[in-house]
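Peer 1: One structure follows; several queries about it will come next.
The values are calculated or read from the model by the stated rules, or taken from the named source; none is laboratory data. Just so it is clear, the model here is predicted, and its values are computed rather than measured. Cβ atoms come from the backbone with ideal geometry, glycine included; neighbour counts cover every protein chain shown. With ligands, DNA and RNA removed, areas are computed over all heavy atoms of the protein, side chains included. Shrake-Rupley method; radii C 1.70, N 1.55, O 1.52, S 1.80 Å.
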Amino acid sequence: MENTTIVETHSLTKRYGSGVLAVDSVDMSVRRGEVYGFLGPNGAGKTTTLRMLVGLIGPTSGTATVAGHAPGSPAGLARIGSLIESPGFYPYLSGRENLRVVADLASVKQKRVDEVLDIVELSSRAGRKFGTYSTGMKQRLGVAAALLKDPDLLILDEPTNGLDPQGMAEMRKLIKDIGQGDRTVLLSSHLLGEVEAICDRVGVINNGHLVTQSTVQELLGEEGVLVRAQPIEQAQDFLTRMFGAEAISRQDGAIRLKTKPENSAEINRQLMNAGIGVSELRPFERSLEEVFFKLTGEKQGS
């Protein structure tokens, strides 16, 4: 699997004490060159899984291979950059000075410090003390530190936590830019819009279980058409005869129809000819939020 995947886990499990099962038999694969979203609510087991992948904690059972090596091995860590939980730096040193310390510890040439500062767009503020940085700047410096080794795999744990909307948008753009080319990004998040906007594939975790992993498009499902018409029962019966019961569903007073949006004109014509008044007819896609709550069994808005 070395040529196609950069992270592979089998029955990865972490139990704390006798009662808390934080991660339960996770089988997960992250492909090379993709941005993989590890999606789940707070407390679902995301951070615990990532900590096991970088060797910060050991699993209770199961196995993992990360960048071709066991988690925490020096050879594997040389190919990984990570930002797990909050970035920790010396508050009285500048951003640049902090990165120089990290570069020395990682045996990275000092010229790389200015390169990563430029990547995360912190060059103009690199001389300021870390203690004066905003939350967004601190997160950017954490990403810069993770990039120092020019890693094959970048692991980011909730990188937009605590950011305002502008900071979140800037961080998303940064992650998309970093994820171009051969580098793989493994990103954990509880924010559905974040994952939908920047990720190629998604793994959904809930209560320690990996519920599913798939491309974002596969999760969102087939395209279709939303129809609002009166009388709605007559419209539903008519469309069921046209497309079959498996293609029809009702939600919020509208009919969802699995068909290509280019069929909309013909659908409208057929309904009107049948004496059914059409008030709305438009393409629709399921949102990732809708899919997530269906997969996890949680109620929207809870």
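Peer 1: Out of VAL35, VAL54, VAL23, report the one residue that is β-branched (Val, Ile, Thr) and within 17 Å of THR212 (Cβ to Cβ).
Peer 2: Answer to the check: VAL23.
Peer 1: Sticking with this one: Among the residues of segment 5-20, is there at least one that is charged (D, E, K, R), at pLDDT below 95 and under 22 Å from THR215 (Cα atoms)?
Peer 2: Within segment 5-20 (the criterion being charged (D, E, K, R), at pLDDT below 95 and under 22 Å from THR215 (Cα atoms)), the answer is no, since none of the residues qualifies.
Peer 1: Hey, another quick one. Would you call GLU97 over 17 Å from ASP152 (Cα atoms) and at pLDDT below 95?
Peer 2: So GLU97 does not fit the description; no.
Peer 1: Restricting to segment 143-202, count the residues that are within 9 Å of the chain's Cα centre (by Cα) and among the β-branched types (Val, Ile, Thr).
Peer 2: 3
Peer 1: Tally time: how many residues in segment 262-284 are open to solvent by 30 Å² or more (accessible area, probe 1.4 Å), closer than 23 Å to LEU220 by Cα and not hydrophobic (A, V, I, L, M, F, W, C)?
Peer 2: 5
Peer 1: What pairs can you find where one residue is in segment 34-56 and over 11 Å from GLY203 (Cβ atoms), the other is acidic (Asp, Glu), and their Cβ atoms are less than 6 Å apart, with a gap of 6+ or different chains?
Peer 2: The qualifying pairs are GLU34/ASP200; VAL35/ASP200; THR47/ASP157; LEU50/ASP157.
Peer 1: Could I ask something else about it? Can you find even one residue in segment 133-145 that is within 23 Å of ALA75 (Cβ to Cβ), touching a residue at least 40 places away in the same chain (Cβ under 8 Å) and either small (Gly, Ala, Ser) or part of a loop (DSSP other than H, G, I, E, B) (or both)?
Peer 2: Yes, segment 133-145 contains a residue that is within 23 Å of ALA75 (Cβ to Cβ), touching a residue at least 40 places away in the same chain (Cβ under 8 Å) and either small (Gly, Ala, Ser) or part of a loop (DSSP other than H, G, I, E, B) (or both).
Peer 1: So, one more: Name the single residue that is surrounded by the fewest Cβ atoms within 10 Å (Cβ to Cβ) among those in segment 36-67 being of a type in the set (S, T, N, Q) and in a strand (DSSP E or B).
Peer 2: SER61
Peer 1: Moving on. List the residue pairs whose Cβ atoms are under 6 Å apart, where the first residue sits in segment 15-28 and is of a type in the set (Lys, Arg), the second is assigned to a strand (DSSP E or B), and the two are 6 or more positions apart or on different chains.
Peer 2: Hits for this filter: ARG15/LEU21.
Peer 1: Across segment 1-33, which residue is nearest to the chain's Cα centre (by Cα) among those that are open to solvent by 60 Å² or more (accessible area, probe 1.4 Å) and closer than 16 Å to ASP182 by Cα?
Peer 2: ARG31
Peer 1: Only one of these conditions is not met by ILE198: (1) in contact with a strand residue (DSSP E or B) (Cβ under 9 Å, 6 or more places away or on another chain); (2) more than 30 Å from ILE175 (Cα to Cα). Which number is it?
Peer 2: Unmet for ILE198, out of (1) in contact with a strand residue (DSSP E or B) (Cβ under 9 Å, 6 or more places away or on another chain); (2) more than 30 Å from ILE175 (Cα to Cα): (2).
Peer 1: Give the residues of segment 117-137 that are crowded, with 21+ Cβ neighbours inside 10 Å and within 23 Å of the chain's Cα centre (by Cα), sorted by residue number.
Peer 2: Within segment 117-137, just VAL120 meets the criteria.
Peer 1: Also, I was wondering about something else. If we only count helices (runs of 4 or more DSSP H) wholly inside segment 158-260, which ones have 3 or more residues that are open to solvent by less than 30 Å² (accessible area, probe 1.4 Å) and touching a residue at least 60 places away in the same chain (Cβ under 8 Å)?
Peer 2: In segment 158-260, the matching helices (runs of 4 or more DSSP H) lie at 192-198, 216-220.
Peer 1: I'm checking my understanding of the structure. Among residues of segment 89-109 that are open to solvent by 70 Å² or more (accessible area, probe 1.4 Å) and outside any helix (DSSP H, G or I), which one is farthest from PRO74 (Cα to Cα)?
Peer 2: For segment 89-109, the residue satisfying everything is TYR92.
Peer 1: Given the conditions (1) closer than 17 Å to THR184 by Cα; (2) touching a residue at least 60 places away in the same chain (Cβ under 8 Å), which single one is not true for GLU8?
Peer 2: Here GLU8 clears every test but (2).
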